[in-house]
Amino acid sequence: MDVISIVIGALAGAVGAGIAVAVVLKKGTASKGSKIIEDAKAEGEVQRKEKILQAKEKFLQLKEEHEKVINDRERKIADLENHAKQKNDSASKQIEDVKRKENEVDRIKENLSKQIEIVEKKEGELESSHRKQVEQLETISGLSQDDAKSELVEALKAEAKTDALAHIKDIVDEAKINANKEARKIVVQTIQRVATEQAVENSVSIFRIESDEIKGRIIGREGRNIRALEGATGVEIIVDDTPEAIILSCFDPIRREIARLSLHQLVTDGRIHPARIEEIVKKTKKQLEDEIVEVGKRTTIDLGIHGLHPELIRMVGRMKYRSSYGQNLLQHSREVANLCATMASELGMNAKVAKRAGLLHDIGKVPDDEPELPHAVLGMKIAEKYNEKPDVCNAIGAHHDEIEMTTIISPIIQVCDAISGARPGARREVMEQYINRIKDLENIGMSYPGVEKAYAIQAGRELRVIVESDKISDAESDTLSFELAQKIQTEMTYPGQVKVTVIREKRAVNYAK
């Protein structure tokens, strides 16, 4: 195509030159026209030669490129043929190798068959020889093979049994002596290393004051301050002739502590009136909750127990204000934890797990609510709820045999709990019975609808019930007081008599802005 284009260009140039000559002939003179014609012819001839040369060069270039492409294709075809030939040669060699290996395998199979025949022949000869020997022995001894075997086995069994019984008896006697000795040693050493003070709680706290003038301010006009304080805290406040002292009486140590701290703030501040009392009591409850958490954290740090759930730490702090048969529950749990750790170390067990279970074993005695479950089972459920290990949960639930013991730590917790509680003076059965009676009395009061709070005061001789004014009317208050008295009389056992007081108070509160 390029050569054709060049030829057409040359012809077009010649035609243009002719046209130019014709135009010049028409317009110019004859002499000038001749000269122009000659020049045009010469120039056209030059252009024609140049176009021809260019066409030849282009033709040679295209021919060279075409030959190069053909040579490349021929070379690739030759390479492919060589590669295919190599593959064919390799496949032929592999086929020969496979045939050679198949021949070797056939030879090996033949050899194995021959060896198997030889072995089977030898086995037959051995069996025949053994059978002949057995027949000869039976003939000599007068016993069959089975009879001889049975007699030999029986004789060996009797001899082994006798030796084993004698050996077992020696081992058991020695184990009893050593076990009793080691057990006494471990228990005595544990108690000596973890000796703690005996702590017995009571139900009365004494609040010291600087002068008897403050007593009048605490009582207030017509006793309104002391009534507000008793209603807010649930503690009976006894103001008598005791110099510079006010007695706070309540079975619940937390309530007594709230009342004591609230009185301290009120006396220090000097402003004592019902509204201020309610504000201080509410604030004191919040402060005491923070202190309970702090006590729990400090206890776990002192014992080296880590990773307890925050709610379990709070419940450990609540143990400070609970007692078990008159024994402070937190000190008892700390003592059991240390006893368990020491005993577990002596026995080569995990002391940290034992200490953790010992601290939490009575956690079921301090829940926020009190379901009808044994405290050991309740404590186990609480521990499971907060992802304690199965060993710890089982030790908590089994320390009073409510559930089956499945770990070796469980009996250690049970023993250490008994050691801590069995010390002379550590517990008082009467105190526990008294506390249970007070709790039952308050639960009866709270069982009626419309009751907001119920407090047993005066050592259980009076039950004060505070009702909601919008749910209970004055007439219904009288009925409620009578029904409570009848229920207490039929369901409870108590010395003397119980006074039931129902308090209904209506407040109208507005704010001036």
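Multiply the residue gap between K41 and K381 by 0.36 nm, knock off their C-alpha separation, and tell me the result in nm, one decimal place.
110.2 nm
How much net charge surrounds I95 when only the other residues with a Cβ under 15 Å from the Cβ of I95 are counted, with Lys and Arg +1 and Asp and Glu -1?
Around I95, the charge tally is +1.
Per-residue accessible area for S90 at 1.4 Å probe radius, Å² rounded to 10?
50
Report the local net charge at G307: Lys and Arg +1, Asp and Glu -1, summed over other residues whose C-beta lies under 12 Å from its C-beta.
Net of charged neighbours comes to +2.
Want the number for E159 to M446: 0.36 nm per residue separation, take away the alpha-carbon distance, what's left?
Extra length available between E159 and M446 comes to 95.8 nm.
Report R227's accessible area, 1.4 Å probe, all protein chains in place, as a number in Å² to the nearest 10.
140
Sum up the lysine pairs in region 52-124 that clear both bars: alpha-carbon distance under 13 Å and a spacing of 8 or more or different chains.
Lysine pairs meeting both conditions in region 52-124 amount to 5.
Please give the solvent-accessible surface of D79 in Å², to the nearest 10, using a probe radius of 1.4 Å with every protein chain present.
Accessible surface of D79 is approximately 90 Å².
Give me the one-decimal nm value for the distance between modelled label points at A84 and D97, 7 Å along each residue's Cα-to-Cβ direction.
2.5
Nearest 0.05, what FRET efficiency do I238 and S345 give at R0 = 56 Å with Cβ-Cβ as r?
0.70
Is there a pair in K282/K471; K439/K471; K286/K439; K282/K385; K352/K381; K320/K389 whose C-alpha atoms are over 28 Å apart, and which pairs would that be?
K282/K385
If you rank F59, F251 by how much accessible surface each has, with a 1.4 Å probe, what is the order from largest down?
F59, F251
Expected output is a single nm value to one decimal: the length gained when fully extending between D478 and E505, i.e. 0.36 nm times separation in residues minus the C-alpha distance. What is it?
That works out to 8.3 nm of additional length.
When only the heavy atoms of the protein chains count and the probe is 1.4 Å, how do T490, T342 rank by accessible area, highest first?
Ranked from most to least accessible, the order is T490, T342.
If H400, H167 are ordered by their accessible area, calculated over protein heavy atoms with a 1.4 Å probe, which sequence runs from highest to lowest?
H167, H400
The values are calculated or read from the model by the stated rules, or taken from the named source; none is laboratory data. Small disclaimer: the values here were computed from a predicted structure and weren't measured. We place every Cβ from the backbone using ideal geometry, glycine too, and count neighbours over all the protein chains shown. Note: areas computed on protein heavy atoms with side chains; ligands, DNA, RNA excluded. Shrake-Rupley method; radii C 1.70, N 1.55, O 1.52, S 1.80 Å.
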